[in-house]
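Asker: Attaching a single structure in structure tokens format; questions to follow.
Rule-based calculations on the coordinates, nothing more; no lab input. Computed from a prediction, not measured in an experiment: that's the story for all the values here. We place every Cβ from the backbone using ideal geometry, glycine too, and count neighbours over all the protein chains shown.
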Amino acid sequence: RSLNLPYGMIAVRDYNGVTVSKYKDNTTQKFKYEFTDEDKAVLANGKTVIVELPEGDRLEFRLTNNTGNENISLKTYTKCLDYDKIRGGIVVRNRESGDYLTVNSKNQRQTLKAFFVNEKIPKEMRDKLPLVTEDNHCLWVVGSRISNFYKVNESTKTILVINYQGGKNHGRRN
């Protein structure tokens, strides 16, 4: 997959071919933000909880009631989830061993590792992607898919709206 070359160069084979570049130390900055009882109270009061991520990125969380007329966001960086199904605490973090998604209406699981391989997400990006999780169950792989288990349906009473705002290095807004 990679080969260290003379003069501080590296050759990397990925899904797009072979790239030769200067070697950079790509150690991933681990991050973890666990929702506190205070955060849950802020959400319950109709306010927004903002989670700052590395490199200036951020996630905004807010709750809304499902009136049946709610526009379920189909945007890449805004997702709506069934808040009533979240029993444990919400955690925003990098991937960990044992993470999974539910991928269909039968709630069949797929490991996050298999998901990344199937979606052809480059190996060097996998540890950098922020995840919104409940224990090892990924609610949302930010910028990609949500877990089928947490999708909003007609029985949903409370919707968790999450909006990703790209930081100074990414410029992504949606």
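Asker: Treat every Asp and Glu Cβ in the chain as -1 and every Lys and Arg Cβ as +1, leave all other atoms uncharged, and give the resulting dipole magnitude about the Cα centre to the nearest 20 debye.
Answerer: That gives the chain a dipole magnitude of about 600 debye.
Asker: With Cβ to Cβ distances under 10 Å as the rule, what net charge do the other residues near Thr102 carry (K, R +1; D, E -1)?
Answerer: Numbers: positive: Lys106, Arg109, Lys151; negative: none.
Net local charge, Thr102 excluded: +3.
Asker: Ok, one more. Report the one residue of Leu5, Gly98, Phe116 whose Cα lies farthest in the direction of the positive end of the charge dipole of the range 1-136 (charges on C-beta: Lys and Arg +1, Asp and Glu -1; origin at the Cα centre).
Answerer: Toward the positive end, the furthest listed residue is Leu5.
Asker: Past the 30 Å Cα-Cα mark, which pairs from Lys75/Lys128; Lys40/Lys123; Lys113/Lys157; Lys40/Lys120; Lys85/Lys113?
Answerer: Exceeds cut-off: Lys40/Lys123; Lys113/Lys157; Lys40/Lys120.
Asker: How large is the dipole of the range 80-124 about the Cα centre if only Lys and Arg carry +1 and Asp and Glu carry -1, each at its Cβ, rounded to the nearest 20 debye?
Answerer: 140
Asker: Would you mind calculating the relative contact order of the chain from Cα pairs under 8 angstrom and at least 6 residues apart, reporting the percent as a whole number?
Answerer: Computed value for the chain: 27 percent relative contact order.
Asker: Still on this structure, please answer the following. For the range 5-65, what's the relative contact order in percent, using C-alpha pairs closer than 8 Å and at least 6 residues apart? All intermediate terms of the calculation are to be shown ahead of the outcome.
Answerer: On the way: 53 pairs, mean separation 12.0, N = 61.
Once divided by the residue count of the range 5-65, the mean separation gives 20 percent.
Asker: Could you compute the FRET efficiency for Met9 and Arg145, with r as their C-beta to C-beta distance and R0 at 25 Å, rounded to 0.05? Display every interim value, and only then the final one.
Answerer: Working: r = 36 Å, r/R0 = 1.42.
Computed FRET efficiency for Met9 and Arg145 comes out at 0.10.
Asker: Using a Förster distance of 30 Å, how high is the FRET efficiency between Lys120 and Glu38, based on the Cβ-Cβ distance and rounded to 0.05?
Answerer: My answer for the efficiency is 0.15.
Asker: Once both labels are modelled 7 Å past Cα along the beta-carbon direction, what's the Ser155-Lys47 spacing in nm?
Answerer: Rounded to a tenth, the inter-label distance reads 3.3 nm.
Asker: Given 25 °C and 0.890 mPa s, compute D for the chain with the Stokes-Einstein relation, Rh being the Kirkwood radius over Cα pairs; round to the nearest whole µm²/s.
Answerer: 139
Asker: Would you mind computing, in nm to one decimal, how far apart the modelled labels at Asp135 and Tyr23 are, each placed 7 Å from Cα along Cα→Cβ?
Answerer: Taking the two extended label points, one gets 4.2 nm.
Asker: Okay, next question. List the aspartates and glutamates whose Cα sits under 16 Å from the Cα of Lys151, skipping any in the same chain fewer than 8 residues away.
Answerer: Glu70, Asp82, Asp84, Glu134
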